Amino acid sequence: MAQIKIKNVRKDFGTFTAVQSSTFTIEDGEFFMLLGPSGCGKTTTLRMMAGLELPTSGEVFIDGEEVGMKRASERDIAFVFQMFALYPHMNVGKNMSYPLLSQGMSRAKAREKVVEVARILGIEDILNKSVGGLSGGDRQRVALGRAIVREPKAFFMDEPLGALDAEFREHMAEELRALHDRMGATTVYVTHDQLEAMQMGDKIVVMNHGVVEQFGKPQDIYDWPATKFVAEFIGSPAMNFLDFDGTIEPGANSVNIDGHLVAIPKNLQGGRGAMSLGIRPEHIRFSDGSDYKGEVLAVEYLGTTQIITLKTPNGTIKARIGSEQPVSNGALIGLEFDTRTLTVFDNGNGLALRSEANVEVLDNG
Amino acid sequence: MADVVLQNITKTYGDTAALDNVSLTVPDGSFVVLLGPTGAGKTTMLRMISGLDNPESGDVLIDGNSVLGDPPAQRNVAMVFQQYSLYPHLTVRQNLEFPLKSPLLNTSRSEMEEKVRNVSEILQITHKLDNKATTLSGGEMQRVSIGRALVRTPNIYLMDEPLSSLDAKLRADLRIELKRIQTNSGQTLLYVTHDQIEAMTMATHVGVLDNGKLVQFGSPRQIYENPISIYSASRLGQPRINILPAGLFKINAPQNAETIGLRPEQILQGKGENCSVKRVERLGDQTRLHLSFKDHDIITVTDAHTPLQSGETIKIQPVKPFFFDKTGMRVG
């Protein structure tokens, strides 16, 4: 198994820069997510690690060895695609043993290996079936099995669950993660689905327009986004922004939003001009005592919780509260924010201002 | 607008019964969402009302009158499909005007202009009115196709997964928008989806469909808090309800109970019996705990910043659980 490191990796396609300059390390045994909207460069990054694409500049290390000039076939990795490309004329067992036989392994040995992996994936009973009649989930398991039998240094997966429907996707995500926990193989996984990334990943890289926006543990990124892009991309509903103009001195414990003082974690760097106060929906409380008010525009019941859309003087925001609390459209409600969780953003460059609360996370990625 | 009633509708395609003796009343002014997986019969229901298909037996009543003999155009229903089919050679304005130009409606020019203006404001496409339909983004096209239904005042709006091809943000915006339009106008809407969030957030009534049968009908809250079966209970709620053998916990179960159903809020943490934490999944706003209890998997939810880690042991205890009999129906 392997540690994978990329250093200042850049990729140009003609005049278009797909990846600007990415640097991060994937530790041995990690389940690592490359997350971002379509066109952000996440798949290109994965393909460069795999050797399917040559970087324009920069280096890729697998287990400390620079692999830039090695072909994909020499890097000892396995790739699983969204479209599970199985050999249609072979049965399940043959699909899985093919990579082993083509490496020169004996039939008996390959057979043994395939049975072992099939047991891990729970597909022992379909080994003799043709792949044509299989369900989407079983096809994906066979594709995984074909990758696993080789015992590669790392698995690279490009939206492997993208083609499955929602309910089944969640089930497969759990299964994949459980499989990873059993095998402990380094896995790099590309997705545009933030929930999938949060759910499965040990670490996440968030990319946008070819740039790494943030890198770290899922909960850290959720709590302390480095940029407005990350704040909006992660979480559903997204982080709210109250827009305001003003000045924050280093050391300030509050911001002045249209005459209302809102307490924030102690600011470390100061800021001025157009800024936003970032608040997660679950960190908004309704309080008759507050003179910062919002008008209820919509109430959305979700079972345990409900999402309340509110119009404030500084923009529309969404709050998540328990569904036992009655709320009606048009009501004017006083709002309080959970101080320890707030982030201030500079609207000029979209970056989070450093505070005592987020400095540790921001300095680590 | 009017009550729309389906009476004992049966429809088979080949050997499969798409609808099996289904009765449903869509009350005037309601927002009814039909929820079910692929193949449950949702779209077939819409096609029965619109007249795109006719049932083998049963009746469809609009405003008290059977419409089975009427062709689609005379039933005065407006339909929105998942795949927006706009007229590519027309502008947005012309697309929106098109249904009003039907000789059946006989709309005056000024009335037409006013309706198009109102609808385009509601859907925020005013600035695109003179663009060709083909120059719009996917989200704008879907808004136009919803708009093309809204310019009319039909007996009922029928919508077939209209938001499913849009991205998450736009879907969230349009959910609120559709709900607002329906509430303010008091119009009747029948909406088909497999997305439980759409059903819960928009519906006044949810109809749960299973294999061509309507198995429960009620408000989202009724179905979430008082499901009649395992199937109904599993349609709503994320993470989905845990279904376990009834005797697993040391609590009193009704005699004929075969299984116990526990949503995350029906699992009290810190009291009761020991179980082990298999995996801690941090989703940001909440943390999911994958638990193992007497060889059964349980998923529940806890505080986002819980210090719990996999391998630890916690105590759990059911609170006001659901019980189901061996056919999966609710008991007790």
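Only the coordinates and a few stated rules stand behind these numbers; no lab work does. Computed from a predicted model, the values in this text were never measured in an experiment. Ideal geometry is used to build each Cβ from the backbone, glycine not excepted, and the neighbour counts take in all protein chains shown.
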Between A:Asp338 and B:Thr134, what's the calculated FRET efficiency when r is the beta-carbon distance and R0 is 51 Å? Round to 0.05.
0.60
Enumerate the whole-percent occupancy of each 5 Å bin, from 0 to the last occupied one, for all C-alpha pair distances of the range A:43-142.
2, 12, 19, 17, 15, 14, 12, 6, 2, 0
Residues of the range B:225-249 with backbone nitrogen within less than 20 Å of a virtual label 7 Å along the Cα-to-Cβ line of B:Met329, please, listed as ranges.
B:225-235, B:244, B:246
Normalised convex hull volume, the protein assembly as shown, alpha-carbon set, Å³ per residue:
201 Å³
Taking R0 as 51 Å and r as the Cβ-Cβ distance between B:Thr10 and A:Asn364, the FRET efficiency 1/(1 + (r/R0)^6), rounded to the nearest 0.05, comes to 0.20
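Can you work out the FRET efficiency for the pair A:Ser290 and B:Ser310, with r the C-beta to C-beta distance and R0 = 41 Å, to the nearest 0.05? The partial results should precede the final answer.
Details: r = 39 Å, r/R0 = 0.96.
Taking R0 as 41 Å, the efficiency between A:Ser290 and B:Ser310 is 0.55.
Give the relative contact order (percent, whole number) for chain A; include only Cα pairs under 8 Å separated by 6+ residues. Please list the in-between numbers first.
Values: 777 pairs, mean separation 58.3, N = 365.
It comes to 16 percent, rounded to a whole number.
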Interchain or sequence-distant (5+) residues whose placed amide H lies within less than 5 Å of the amide H of B:Ile251 are none
For peptide A:295-302, how many partner chain Cβ atoms fall within 10 Å of a residue's Cβ, on average?
5
Could you list the trypsin sites (Lys or Arg not before Pro) in the range A:113-142 that lie in coil according to DSSP, counting only those with at most 16 other Cβ atoms within 10 Å of their Cβ?
A:Lys129
Using a Cα-Cα cut-off of under 15 Å, which aspartates and glutamates could be cross-linked to A:Lys217, ignoring same-chain neighbours fewer than 8 residues away?
A:Glu27, A:Glu30, A:Glu196, A:Asp202, A:Glu360, A:Asp363, B:Glu281, B:Asp285
A:Lys129: which aspartates and glutamates have alpha carbons under 19 Å from its alpha carbon, excluding same-chain residues fewer than 8 sequence positions away?
A:Glu112, A:Glu116, A:Asp138
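Show that you can apply the helix-only estimate: for chain A, add -39,500 (n - 2.57) for every DSSP H stretch of four or more residues, divide by all residues, and state [θ] at 222 nm to the nearest 500. Please report the intermediate quantities before stating the final value.
On the way: 9 runs with 90 residues, N = 365.
Theoretical 222 nm ellipticity from helices: -7000 deg cm²/dmol.
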Restricting to DSSP H runs of at least four residues, report the calculated mean residue ellipticity at 222 nm for chain B, -39500 (n - 2.57) per run over all residues, nearest 500 deg cm²/dmol.
-7000 deg cm²/dmol
Tell me, what HN-Hα J-couplings in whole Hz come from the Karplus equation 6.51 cos²θ - 1.76 cosθ + 1.60 at θ = phi - 60° for each residue of the range B:249-255, using x for Gly and Pro?
9, 7, 9, 6, 10, x, 4
Here the range A:102-119 yields Karplus 3J(HN,Hα) values (6.51, -1.76, 1.60; θ = phi - 60°; whole Hz; Gly and Pro given as x) of 6, 8, x, 6, 5, 4, 4, 5, 4, 4, 4, 4, 4, 4, 4, 5, 4, 5
Residues meeting the amide H criterion for A:Lys129 (H placed from the backbone, H to H distance under 5 Å, 5 or more places apart or on another chain) are A:Val92, A:Gly93
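Could you list, in their original order, any pairs among A:Lys11/B:Lys132; A:Lys153/A:Lys203; A:Lys5/A:Lys109; A:Lys228/A:Lys318; A:Lys228/B:Lys132 whose Cα atoms are separated by more than 25 Å?
Working: A:Lys11/B:Lys132 37 Å; A:Lys153/A:Lys203 18 Å; A:Lys5/A:Lys109 33 Å; A:Lys228/A:Lys318 16 Å; A:Lys228/B:Lys132 34 Å.
The pairs that break the limit, which is 25 Å between Cα atoms, are A:Lys11/B:Lys132; A:Lys5/A:Lys109; A:Lys228/B:Lys132.
About the Cα centre of chain B, what is the dipole size in debye to 20, counting +1 per Lys and Arg Cβ and -1 per Asp and Glu Cβ, all else neutral? Working shown, then result.
Values: 35 positive and 35 negative charges, 128 e Å.
With Lys and Arg at +1 and Asp and Glu at -1, about 620 debye.
Ratio of Rg to Rh for the range A:218-365, alpha carbon only, Kirkwood?
Value, to two decimals: 0.96.
Rounded if a/c is under 1.5, else prolate if a/b is larger than b/c, else oblate: which is the range B:1-86, with a ≥ b ≥ c the root eigenvalues of its Cα gyration tensor? The partial results should precede the final answer.
Numbers: a/c = 1.34, a/b = 1.13, b/c = 1.19.
Judged from the Cα gyration tensor, the range B:1-86 comes out rounded (a/c under 1.5).
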Write down Rg/Rh for chain B, rounded to two decimals, with Rg from the C-alpha atoms and Rh from the Kirkwood relation over Cα pairs.
1.06
What is the range B:179-314's relative contact order, in percent, from Cα pairs under 8 angstrom and six or more apart in sequence?
14 percent
Specify, per residue and in Å³, the volume enclosed by the convex hull of the alpha carbon atoms belonging to the range B:130-199.
99 Å³
Please report, for the Cα atoms of chain A, the Rg to one decimal and the Dmax as a whole number; what are they, in angstrom?
24.3, 78
Quote the relative contact order of the range B:1-79 in percent (integer), defining contacts as alpha-carbon pairs under 8 Å separated by 6+ residues.
35 percent
Label-to-label distance, nm, for residues given as B:Asp28 and B:Lys294 (7 Å Cα→Cβ offset)
5.4 nm
For the range A:194-207, just list the computed ³J(HN,Hα) in residue order, Karplus coefficients 6.51, -1.76 and 1.60, θ = phi - 60°, integers in Hz, with x standing in for Gly and Pro.
5, 5, 4, 5, 5, 5, 9, x, 7, 9, 10, 10, 9, 10
Which pairs, out of A:Lys293/B:Lys320; A:Lys113/B:Lys326; A:Lys293/B:Lys169, put more than 30 Å between their alpha-carbon atoms?
A:Lys293/B:Lys320; A:Lys113/B:Lys326
Shape of the range B:195-321, Cα gyration tensor, a/c cut at 1.5
oblate
For A:Ile264, list long-range residues whose amide hydrogen, built 1.01 Å from N in the peptide plane, is under 5 Å from its own amide hydrogen.
A:Ser254, A:Val255
Treat each spin label as a single point 7 Å out from the Cα along the C-beta direction, and report the B:Leu52 to B:Leu104 distance in nm.
1.5 nm
Lys, Arg +1 and Asp, Glu -1 on Cβ, resulting dipole of the protein assembly as shown about Cα centre, debye, nearest 20:
1040 debye
Write down the percent of antiparallel bridges among all DSSP beta bridges whose residues are both part of the protein assembly as shown, to the nearest 5.
75 percent
Point-to-point label distance, A:Ser254-B:Gln74, nm (Cα→Cβ direction, 7 Å offset)
7.2 nm
Working from Cα positions, state the angle (0 to 90°, nearest 10) between the long axis of helix A:166-183 and the longest principal axis of chain A.
70 degrees
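Once the Cα gyration tensor of the range A:1-74 is found, what semi-axes does its equivalent ellipsoid get, as square roots of 5 times the eigenvalues, in whole Å, sorted largest first?
So the equivalent ellipsoid measures 19, 15, 10 Å along its semi-axes.
How big is the Cα convex hull of the range B:19-162 in projection, averaged over all directions, in nm²?
Details: hull surface 38.3 nm².
Projected over every direction and averaged, the Cα hull of the range B:19-162 covers 9.6 nm².
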Hits among aspartates and glutamates - C-alpha to C-alpha of B:Lys315 under 12 Å, sequence gap 8 or more where chains match
B:Glu273
